[in-house]
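Heads up, the thing below is written out as structure tokens.
The values are calculated or read from the model by the stated rules, or taken from the named source; none is laboratory data. Here the structure is a predicted model, which is why all the values come from computation and not from measurement. Every residue, glycine as well, gets a Cβ built from its backbone with ideal geometry; the counts of neighbours run over all protein chains shown.
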Amino acid sequence: MTQLVPLVDAIPPVRGRPGAPLRKPGEVMGDRGYDSNPHRMALSGRGIGTAIARRGEPHGSGLGIFRYVVEQTVALLHQFRRLRTRFDKRDDVHEAFMTIGQAMICWRRLHSSDAYF
């Protein structure tokens, strides 16, 4: 939970639209693990809205709909044994295999939908 603010600060500029590139998200969504006033204050100080579930509140905030996308992506990457159990000590090697895994997932999705075109 200590890496939330550095993670948000490390977001690269988003390109593709005219004008200055977007450097920060409009809103950060998180589960109850990120529920703390220091996190909320740090993000609001940067002009970023928060949709963080509060501890002790009943479920049903609706954040699970967006979490499913992340969980599905992690599950797809875990189909590759080398990514499921990390054997590489070097970050650049692991990141290279993550990129290869992502490319293979995209290729499989595009290849399986050829019949629909």
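For this structure, a couple of remarks:
- Restricting attention to segment 1-24, the residues being of a type outside the set (A, V, I, L, M, F, W, C) and within 17 Å of ILE48 (Cβ to Cβ) number 8.
- Once segment 1-23 is narrowed to residues that are modelled with pLDDT under 80 and under 23 Å from GLU71 (Cα atoms), the residue that is surrounded by the most Cβ atoms within 10 Å (Cβ to Cβ) is MET1.
- Complete set of residues in segment 23-41 that are within 18 Å of the chain's Cα centre (by Cα), over 13 Å from VAL8 (Cβ atoms) and not in a loop (DSSP other than H, G, I, E, B): ARG32, GLY33
- Every test in (1) modelled with pLDDT under 85; (2) assigned to a helix (DSSP H, G or I); (3) surrounded by fewer than 10 Cβ atoms within 10 Å (Cβ to Cβ); (4) not hydrophobic (A, V, I, L, M, F, W, C) is passed by ARG82 save one, and that test is (3).
- Filtered residue count, segment 37-52, keeping only those that are surrounded by 14 or more Cβ atoms within 10 Å (Cβ to Cβ) and either touching a residue at least 60 places away in the same chain (Cβ under 8 Å) or of a type in the set (Ser, Thr, Tyr) (or both): 1
- A search for C-beta distances below 7 Å between a residue of segment 53-71 that is within 14 Å of GLY33 (Cβ to Cβ) and any residue that is outside any helix (DSSP H, G or I) and modelled with pLDDT under 65, counting only pairs 6+ apart in sequence or on different chains, returns ALA53/SER61; ALA53/LEU63.
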